[in-house]
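Asks: One structure follows; several queries about it will come next.
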Amino acid sequence: NLRYAIPNTRWTLGSLDELKWYAGVIRDKTFKVVMIPYAQYTLLPNLAAKVAYEMDERHLVGQTGYLTFNTYQTDLQAGLVWNVTPKVMFNPYLQVFTTPVPQTSSTSQSSERVAIGGYLSAPIL
């Protein structure tokens, strides 16, 4: 998690990033790279508005070239960051998928492109 609070402003820029290697797999993905750059604007001392863009890239078993990745999913996330206490943070968001979704007969295209998500950060003990 990288973040930079821009001095003398209410803006913070950052990125939540993840790199995973799935050792010993024989099907599906061998590597996964997730990047979620974001911009956040502080509204109140404990409340901010946040917009992020998630990119999920995967390298599959048998795929040539270790730096060859397939886009699994991309989406736009808009929401709020609420610092409930100094140690508890809640970030609900609306997620709009920007990658194509296969059309099925049982669901509409629009219902498959939007979701509600969130992060909760809190100490266990």
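Asks: Condition test on V61, is it over 16 Å from Y119 (Cβ atoms), at pLDDT below 90 and β-branched (V, I, T)? Talk me through it step by step, then tell me what you get.
Replies: Values: over 16 Å from Y119 (Cβ atoms): yes; at pLDDT below 90: yes; β-branched (V, I, T): yes.
Judged against the criteria, V61 is a match.
Asks: So M89 passes all but one of these: (1) open to solvent by less than 30 Å² (accessible area, probe 1.4 Å); (2) under 22 Å from I6 (Cβ atoms). Which condition number does it fail?
Replies: If we test M89 against (1) open to solvent by less than 30 Å² (accessible area, probe 1.4 Å); (2) under 22 Å from I6 (Cβ atoms), just (1) comes out false.
Asks: How about the stretch 1-39: which of its residues are at pLDDT below 95, open to solvent by 80 Å² or more (accessible area, probe 1.4 Å) and not in a strand (DSSP E or B)?
Replies: N1, I26, R27, D28
Asks: Within the stretch 40-66, track down each residue that is part of a loop (DSSP other than H, G, I, E, B) and of a type outside the set (V, I, T). Talk me through it step by step, then tell me what you get.
Replies: Our first condition is that a residue be part of a loop (DSSP other than H, G, I, E, B); within the stretch 40-66, this holds for 45-46, 61-66.
Listed by number, the residues that qualify are P45, N46, G62, Q63, G65, Y66.
Asks: Further, regarding this structure: For a quick check of your reading of the model, give me the residue pairs whose first member lies in the stretch 1-18 and is closer than 17 Å to S121 by Cα, whose second is polar (S, T, N, Q), with beta-carbon atoms closer than 6 Å and at least 6 apart or on different chains.
Replies: L2/S15; R3/T12; L16/N1
Asks: Now for a separate question. Out of the stretch 40-56, which residues are open to solvent by less than 40 Å² (accessible area, probe 1.4 Å), in contact with a Phe, Trp or Tyr (Cβ under 8 Å, 6 or more places away or on another chain) and not small (G, A, S)? Explain how you work it out, then say what you get.
Replies: The initial filter retains those residues of the stretch 40-56 that are open to solvent by less than 40 Å² (accessible area, probe 1.4 Å), namely 40, 48-50, 52, 54, 56.
Filter once more, so that each one left must be in contact with a Phe, Trp or Tyr (Cβ under 8 Å, 6 or more places away or on another chain): 40, 48-50, 52, 56.
The answer is Q40, K50, D56.
Asks: Run down T104, T71 and say which single residue is in a loop (DSSP other than H, G, I, E, B) and at pLDDT below 95. Let's see the steps before the verdict.
Replies: On the way: T71 fails: in a loop (DSSP other than H, G, I, E, B).
The conditions single out T104.
Asks: What tally of residues in the stretch 67-84 results from selecting those that are open to solvent by 30 Å² or more (accessible area, probe 1.4 Å) and either under 30 Å from P123 (Cα atoms) or in contact with a strand residue (DSSP E or B) (Cβ under 7 Å, 6 or more places away or on another chain) (or both)? Please lay out each step first, then the result.
Replies: Filtering the stretch 67-84 for residues open to solvent by 30 Å² or more (accessible area, probe 1.4 Å) gives 67-73, 76, 78, 80, 82-84.
From what is left, the residues that are either under 30 Å from P123 (Cα atoms) or in contact with a strand residue (DSSP E or B) (Cβ under 7 Å, 6 or more places away or on another chain) (or both) are 68-73, 76, 78, 80, 82-84.
Final tally of qualifying residues: 12.
The values are calculated or read from the model by the stated rules, or taken from the named source; none is laboratory data. If you're wondering where the values come from, they're calculated on a predicted model, not measured in any experiment. Here the Cβ is made from the backbone with ideal geometry for all residues, glycine too, and neighbour counts use every protein chain on show. Just so you know, the surface numbers come from the protein's heavy atoms only, side chains and all, with ligands and any DNA or RNA stripped out. Shrake-Rupley method; radii C 1.70, N 1.55, O 1.52, S 1.80 Å.
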